[in-house]
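To keep things clear, I will list the structure first and then write my remarks on it.
The values are calculated or read from the model by the stated rules, or taken from the named source; none is laboratory data. Quick caveat, the model's predicted, so the values are computed rather than measured. Reconstructed Cβ throughout: ideal geometry from the backbone, glycine too, with neighbour counts over all protein chains shown. The accessibility values were calculated without ligands, DNA or RNA, using every heavy atom of the protein model including side chains. Shrake-Rupley method; radii C 1.70, N 1.55, O 1.52, S 1.80 Å.
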Amino acid sequence: MTPQPTVGGSERSEAPVRSPWLTIALIYLAGVVAAMSYGKFSAAGPSMADELGLSLSQLGWAISAVVGVGAVAGLPAGYLVRRFGTGRSLVAGLGLMVAASALSAAAGSFAWLLAARVAEGVGYLVVTIACPALVLQLAEERDRGLALSVWATFVPVGIGVSTLAGGAADEALGWRGWVLLIAGLTLLMAVAVRMRLPRTSASAAAAGPVPGARALAWPALLTACFCLMVLVTMPVVVLLPTLLIDEHASSAGVAGALTSAISFAGVLGGLSVGVLLRRGVPLAALALSGLLVVPAAWLVYGADAPLAAAATGAGIVSLENGLLGALAFAALPFVLERLDHADVGTGMVAQMGSVGALVGPPLFGLVAGASGFGAVVPVIAAGMLASVGGMLLVARNVARRARGLAADG
């Protein structure tokens with residue numbers, strides 16, 4: 001049979017067959033477990049802070065150190081994953097997270113804990129680069145959009161599970177026992193992934209030329225749009241409890257429960273992308289949906305908005321956060337010159353997403369603290385307009401390349 005070209009520029013030696021969904025599901029679960037480790041101190045943080053004598057600021061650094069590593073080293077890590085192979089890198093990243101979790105469970109001081117979390121952040125970064133690259137390599141062309149949009153939900157699912165389980169585990173086992181439990185679960189995932197991955201995926205480094213600056217121009221625009229989207233949407237959910245308590249006189253329990261429910265709207269948004277793409281909805285139409293964030297932000301932060309309006313607006317923002325994040329992953333294979341550039345491309349996504357996640361909350365806190373919550377609405381509007389505009393350029397380029405391939409065929 002003749003090879004099947006893809007929009008990403010690589011070829012398959014055979015006609016498409018059924019995607020290995022069990023293997024893809026296992027890779028997804030590896031990402032969920034990694035995200036559980038990332039969020040494991042959310043529920044157990046207070047008891048850990050009491051035992052180690054941590055200030056609120058130190059606890060924040062212990063939680064965010066994992067994201068900080070990605071913000072600094074995402075792209076270089078993508079090249080390293082390419083050098084050593086995606087499967088091998090995934091197993092190594094999970095193994096490093098296991099070792100780092102064990103070290104953090106033995107921590108007796110803030111310095112020890114922070115060093116362990118930085119090491120864990122390196123492992124987490126490698127996992128979040130290798131997993132989507134493997135999904136892209138394993139999924140058949142017709143399934144890539146669906147598979148990658150599902151992958152994009154791994155963070156909210158992992159953090160949600162970790163938050164729900166962490167409180168009970170902290171009470172039953174203590175924070176050190178909870179951390180060791182996560183380490184054990186991560187070790188099981190490392191073993192399962194190593195046994196399940198095809199031999200070539202588990203060991204081989206990527207073939208073909210290393211992508212240079214020109215090859216990464218369109219992926220860079222895509223990931224810059226992703227960064228802006230994360231920067232202006234994620235803080236809306238992260239800071240929602242503070243808004244509900246300060247502006248709507250909600251109790252801490254009500255604010256936490258409402259925020260948890262709203263955050264899961266992002267999962268629905270992410271899952272919807274794969275379904276919509278398979279039904280032929282254009283990338284441009286999905287990108288344009290991001291403009292809904294602007295009126296939704298006004299509902300959240302508008303003067304004297306009732307609680308129901310604020311919750312509705314936050315739900316829309318969360319939904320779009322998940323949808324546009326999944327769209328960035330789903331669009332990635334279409335902007336790569338070759339599919340074997342996926343490791344570097346996912347490294348760029350990891351880095352730019354981490355930059356947005358790291359910068360967004362303190363930026364919003366600074367603006368809201370200086371001028372009130374209403375002042376963040378123009379910031380959100382500017383960020384989303386720039387993000388959607390860039391995504392429309394990406395969508396136009398993808399459509400043009402697709403027409404060129406169709407004409408050549």
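Observations on the structure shown:
- Percent of C-alpha pairs per 5 Å bin, the range 116-237, short to long: 2, 7, 10, 19, 21, 16, 13, 8, 3, 1, 0
- Between A305, A183, A381, the residue with the greatest mean-square fluctuation in the GNM of the chain (Cα pairs under 10 Å linked by springs) is A305.
- Per-peptide packing, taken as the mean over residues of other Cβ atoms within 10 Å, places 149-162, 94-107 in the sequence 149-162, 94-107 from highest down.
- Classification of the range 238-300 by its C-alpha gyration tensor yields an oblate form. The axis ratio a/c (a ≥ b ≥ c) is 1.5 or more, and b/c is at least a/b.
- Protein accessible area in the range 250-409, 1.4 Å probe - carbon and sulfur %: 71 percent
- For the range 129-146, the Karplus equation 6.51 cos²θ - 1.76 cosθ + 1.60, evaluated at θ = phi - 60°, returns couplings of 8, 5, 4, x, 5, 5, 4, 5, 5, 7, 6, 5, 3, 5, 9, 5, x, 5 Hz by residue, with Gly and Pro reported as x.
- Whether the chain is rounded, prolate or oblate, judged on the alpha carbon gyration tensor where a/c under 1.5 counts as rounded: oblate
- Whole-Hz ³J(HN,Hα) from phi, Karplus 6.51 cos²θ - 1.76 cosθ + 1.60, for the range 23-33, glycine and proline x: 5, 4, 5, 5, 4, 4, 5, 4, x, 4, 5
- Estimated [θ] at 222 nm from DSSP helical runs (n ≥ 4, -39500 (n - 2.57)) normalised by residues in the chain, nearest 500: -27500 deg cm²/dmol
- Rounded to whole Hz, the Karplus (6.51, -1.76, 1.60) HN-Hα couplings of the range 213-221, x for glycine and proline: 4, 5, 5, 9, 4, 6, x, 5, 5
- Of interest is the spacing of the C-alpha centroids, which for the range 98-124 and the range 164-193 amounts to 14 Å.
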